[in-house]
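I have placed the structure first, in the form of structure tokens, so that the comments after it can refer back to it.
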Amino acid sequence: MLALIMRAVLSWFPLSEGSGLVPIVRILDVIIEPVLQPLRRVIPRAGMLDLSFLVLFILIQVFGAVIGCGPIL
């Protein structure tokens, strides 16, 4: 959940190749992209917004509530 939020926030800022945040973004992409890719195939973009982040966030919340962990955030 934290990785998803961090990647969403970092996507708002343009990063140059020499930025110190580039390695962090790459690590977050390795963690998140395998889960987001199937969602992106099904969920169309809404203009410039990638709704797959929001859908994944909601799915994590629902899954946590179903298995008894309660809401994460």
For the range 18-28, state whether one or more residues are of a type in the set (A, V, I, L, M, F, W, C) and either in contact (Cβ under 8 Å) with a residue 40 or more places away in the chain or exposed (fewer than 11 other Cβ atoms within 10 Å of the Cβ) (or both). no
Of everything in the range 51-61 that's surrounded by 11 or more Cβ atoms within 10 Å (Cβ to Cβ) and either hydroxyl-bearing (Ser, Thr, Tyr) or without any contact (Cβ under 8 Å) to a residue 12 or more places away in the chain (or both), which residue is nearest to MET6 (Cα to Cα)? LEU54
Within the range 1-35, the residues that are over 13 Å from the mean Cα position of the chain (by Cα) and in a helix (DSSP H, G or I) are VAL22, PRO23, ILE24
Could you tell me how many of the residues in the range 3-17 are within 23 Å of GLY64 (Cβ to Cβ) and surrounded by 10 or more Cβ atoms within 10 Å (Cβ to Cβ)? 6
Residue list for the range 36-50, restricted to those being part of a helix (DSSP H, G or I) and surrounded by fewer than 14 Cβ atoms within 10 Å (Cβ to Cβ): GLN37, PRO38, ARG41, VAL42
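Coordinate-derived values only; no laboratory data. Not measured: the values here are computed from a predicted model. Counting neighbours? That spans all protein chains shown, and the Cβs are built from the backbone with ideal geometry, glycine included.
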